[in-house]
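The values are calculated or read from the model by the stated rules, or taken from the named source; none is laboratory data. Please read these numbers as outputs of a predicted model, since none were measured by experiment. Every residue, glycine as well, gets a Cβ built from its backbone with ideal geometry; the counts of neighbours run over all protein chains shown.
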Amino acid sequence: MKKIIFLDQSEQPSKFYNIVPDLPKPIDPPLDPTTNRPINPEKLLRIFPRKLVEQEMSTQGEIEIPEDVLELYAGYRATPLIRATRLEAYLKTPAKIYFKYEGVSPTGAHKVNTTLIQAYYAKEQGIKRIVAETGAGQFGSAVSYANAMFGLQTRIYMVKVSFDQKPYRKTLMQMYGAEVFASPSNKTKYGRSVLKENPGTFGSLGIAVSEAIEDVLTDEDSRYSIGSALNFVCLHQTIIGEEAKLQLAKIGEYPDVVIGCVGGGSNFAGIASPFLKDKLRGDKPKLRAIGVEPDSCASLTKGEYRYDYGDSAGMTPLMKMYSLGSNFMPSPLHAGGLRYHGMAPIVSALYNQGIIEAQAYDQLEVFKAAQIFMKTEGYLPAPESAHAIKSVIEEAKKAKEECKQKVILFNLSGHGFLDLKGYEDYLNGKLV
């Protein structure tokens, strides 16, 4: 039995899969908040590089990965697909559990799959500086790494609660040459207004997005980098699922269930979309895909499907998505990458159309699942990824109860080595 399945470099996918043309109903377009009509793509060019705007609106089924990016991917991709045999034995389940391990990337998470593309297109266009927000610091680290690879300046607005909880994420970003500020900050007009109204705020991704966009709009040579939610980010992450399909095919397997955590939705879309293609085209109608979110910030299971802003200040276009409200202030849970009020329009449409499922779990049961996984498989997951593990354990238990063989695939989207403070609090009974 093969426990770890690799791909040769010659087998590495060279295209991203775009799920948009395969959806039963088209995604509702982003709206210009000044007119409430579909936004003119030209308006987005002041925020994003042109090639990314083109990809955001694309209806092509496949999009080529630039050669320069493939060369950088070759440093850590294809990531391994691993069978969790010891977890299976612990759970006494007939299910086979496989996980795609994105923790081998230079910054320890899947985010670099998109930041390398974003930095490449910015450099190609002559952009000098990239500004971004980050929740737990994984995306900020990925932006800082990618920009260093392409010689771009970097400024990161990091949600204050994570800035305080996870100081070594800040250090990692600074080692790549980035400026890092706690958000809300005194660097922007919007940040100062939030601090004035609520000096003790924990911050939120919505606030940090507003600060980053405001910063970009003050400098013609700057553009904004985004880590989730938008179509082009979900597109870039499909490299994960494309690899997983090839790896499973090598051993004659295909998943019955695909699972990923969801905050903005990109890592889930990345692992699930290439398999959902088969479901949407009628080849695998019984395939299930589950997005797993924190109970305290559950946009799919508790939010409304409507048009809303992607940030707190109302600077982004209006997007049709499941949302808790752009001014929603999430609790300071350690899975900072999932503390976002909205969900990717692609993931939202899939859920609304009944193509995927959603689950929500609280922080304590998620950390317990992470410890079970670590004690059996040895890998320390990021708290975000641990949400997927909790769902995997529940699905494996159901398989045992039903005496049913099934294949479960999940995305272990990052390691937890810079999240040890949260795990320490869990072990000491300080986590609520």
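Just the residues that are surrounded by 19 or more Cβ atoms within 10 Å (Cβ to Cβ) and either under 24 Å from L217 (Cα atoms) or not hydrophobic (A, V, I, L, M, F, W, C) (or both), please, taken from the range 165-181.
Listed by number, the residues that qualify are Q165, K166, R169, K170, M173, Y176, A178, V180, F181.
Listed here are the residues, each with its yes/no results for (1) in contact with a Phe, Trp or Tyr (Cβ under 7 Å, 6 or more places away or on another chain); (2) more than 14 Å from A298 (Cα to Cα); (3) crowded, with 22+ Cβ neighbours inside 10 Å.
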| site | (1), (2), (3) |
| --- | --- |
| M315 | no, yes, no |
| S323 | no, no, yes |
| S331 | no, no, no |
| G354 | no, yes, no |
| D362 | no, no, no |
| A370 | no, yes, yes |
| I389 | yes, yes, yes |
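Counting residues that are touching a Lys or Arg at 6+ places or on another chain (Cβ under 7 Å) and under 26 Å from E102 (Cβ atoms), which strands (runs of 3 or more DSSP E) fully inside the range 1-86 reach at least 2?
Those strands (runs of 3 or more DSSP E) span 62-64, 81-83.
Return the residue satisfying two criteria in turn: it lies in the range 161-193 and is touching a Pro at 6+ places or on another chain (Cβ under 8 Å) and modelled with pLDDT under 95, and of such residues it is nearest to V209 (Cα to Cα).
Out of the qualifying residues, it is V161.
Matching residues to (1) at negative phi; (2) in contact with an Asp or Glu (Cβ under 6 Å, 6 or more places away or on another chain); (3) surrounded by fewer than 23 Cβ atoms within 10 Å (Cβ to Cβ); (4) aromatic (F, W, Y):
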| site | (1), (2), (3), (4) |
| --- | --- |
| P199 | yes, no, yes, no |
| I226 | yes, no, no, no |
| L235 | yes, no, no, no |
| L248 | yes, no, yes, no |
| Y254 | yes, no, yes, yes |
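Residues to consider are S326, S331; find the one that is touching a Cys at 6+ places or on another chain (Cβ under 9 Å) and polar (S, T, N, Q).
Answer to the check: S331.
Based on what the data block shows, is I97 modelled with pLDDT of 95 or more and farther than 24 Å from H236 by Cα?
Details: modelled with pLDDT of 95 or more: yes; farther than 24 Å from H236 by Cα: yes.
When the stated conditions are applied, I97 passes them.
Take the residues in the range 43-78 that are among the β-branched types (V, I, T) and under 15 Å from H236 (Cα atoms); name whichever of them is modelled with the lowest pLDDT.
This residue is T59.
Looking at the range 401-417, which of the residues that are more than 21 Å from G264 (Cα to Cα) and surrounded by 14 or more Cβ atoms within 10 Å (Cβ to Cβ) is nearest to the chain's Cα centre (by Cα)?
I408
So E220 passes all but one of these: (1) without any contact (Cβ under 8 Å) to a residue 60 or more places away in the chain; (2) of a type outside the set (S, T, Y); (3) within 15 Å of P274 (Cα to Cα). Which condition number does it fail?
Tallying (1) without any contact (Cβ under 8 Å) to a residue 60 or more places away in the chain; (2) of a type outside the set (S, T, Y); (3) within 15 Å of P274 (Cα to Cα), E220 fails exactly one: (3).
Just to check your reading of the model, which residue among S348, S312 is at negative phi, among the polar types (S, T, N, Q) and at pLDDT below 95? Let's see the steps before the verdict.
Details: S348 fails: at pLDDT below 95.
Only one candidate passes the filter, namely S312.
Having 1 or more residues that are within 23 Å of the chain's Cα centre (by Cα) is the bar; report the helices (runs of 4 or more DSSP H) wholly within the range 128-224 that clear it. Steps first, answer last, please.
Values: elements: 138-150, 160-165, 167-175, 189-197, 205-216.
In the range 128-224, the matching helices (runs of 4 or more DSSP H) lie at 138-150, 160-165, 167-175, 205-216.
Identify, by number, the condition in (1) out of contact with any Ser or Thr (no Cβ under 7 Å at 6 or more places or on another chain); (2) crowded, with 17+ Cβ neighbours inside 10 Å; (3) not basic (K, R) that E102 doesn't meet.
Among (1) out of contact with any Ser or Thr (no Cβ under 7 Å at 6 or more places or on another chain); (2) crowded, with 17+ Cβ neighbours inside 10 Å; (3) not basic (K, R), E102 violates only (1).
For a quick check of your reading of the model, give me the residue pairs whose first member lies in the range 356-368 and is touching a residue at least 60 places away in the same chain (Cβ under 8 Å) and under 26 Å from K430 (Cβ atoms), whose second is crowded, with 17+ Cβ neighbours inside 10 Å and β-branched (V, I, T), with beta-carbon atoms closer than 7 Å and at least 6 apart or on different chains.
Q359/I290; Q359/V292; Y361/V292
If a residue has to be in a loop (DSSP other than H, G, I, E, B) and either out of contact with any His (no Cβ under 7 Å at 6 or more places or on another chain) or charged (D, E, K, R) (or both) to count, how many in the range 94-119 make the cut?
Filtering the range 94-119 for residues in a loop (DSSP other than H, G, I, E, B) gives 94-95, 105-108, 110-111.
With the extra rule that they be either out of contact with any His (no Cβ under 7 Å at 6 or more places or on another chain) or charged (D, E, K, R) (or both), the set shrinks to 94-95, 105-107, 110-111.
Residues flagged as in a loop (DSSP other than H, G, I, E, B) and either out of contact with any His (no Cβ under 7 Å at 6 or more places or on another chain) or charged (D, E, K, R) (or both) within the range 94-119 amount to 7.
May I ask you to verify whether G303 is small (G, A, S), buried (at least 20 other Cβ atoms within 10 Å of the Cβ) and touching a residue at least 60 places away in the same chain (Cβ under 8 Å)? Walk me through it before giving the result.
Values: small (G, A, S): yes; buried (at least 20 other Cβ atoms within 10 Å of the Cβ): yes; touching a residue at least 60 places away in the same chain (Cβ under 8 Å): no.
Taking the combined requirement at face value, the residue does not satisfy it.
Of all residues in the range 391-432, how many are part of a loop (DSSP other than H, G, I, E, B) and either among the acidic types (D, E) or in contact (Cβ under 8 Å) with a residue 24 or more places away in the chain (or both)?
Matching residues across the range 391-432 total 12.
Taking the criterion of being under 30 Å from T218 (Cα atoms) and of a type in the set (F, W, Y), would at least one residue in the range 34-51 satisfy it? Give the derivation first.
Narrowing the range 34-51 to residues under 30 Å from T218 (Cα atoms): 34-51.
Restricting the remaining residues to those that are of a type in the set (F, W, Y) gives 48.
Among the residues of the range 34-51, at least one is under 30 Å from T218 (Cα atoms) and of a type in the set (F, W, Y), which makes the answer yes.
Is it the case, given these coordinates, that T93 is closer than 30 Å to Q405 by Cα, surrounded by 17 or more Cβ atoms within 10 Å (Cβ to Cβ), in contact with a helix residue (DSSP H, G or I) (Cβ under 7 Å, 6 or more places away or on another chain) and of a type outside the set (A, V, I, L, M, F, W, C)? Walk me through it before giving the result.
Working: closer than 30 Å to Q405 by Cα: yes; surrounded by 17 or more Cβ atoms within 10 Å (Cβ to Cβ): yes; in contact with a helix residue (DSSP H, G or I) (Cβ under 7 Å, 6 or more places away or on another chain): yes; of a type outside the set (A, V, I, L, M, F, W, C): yes.
Judged against the criteria, T93 is a match.
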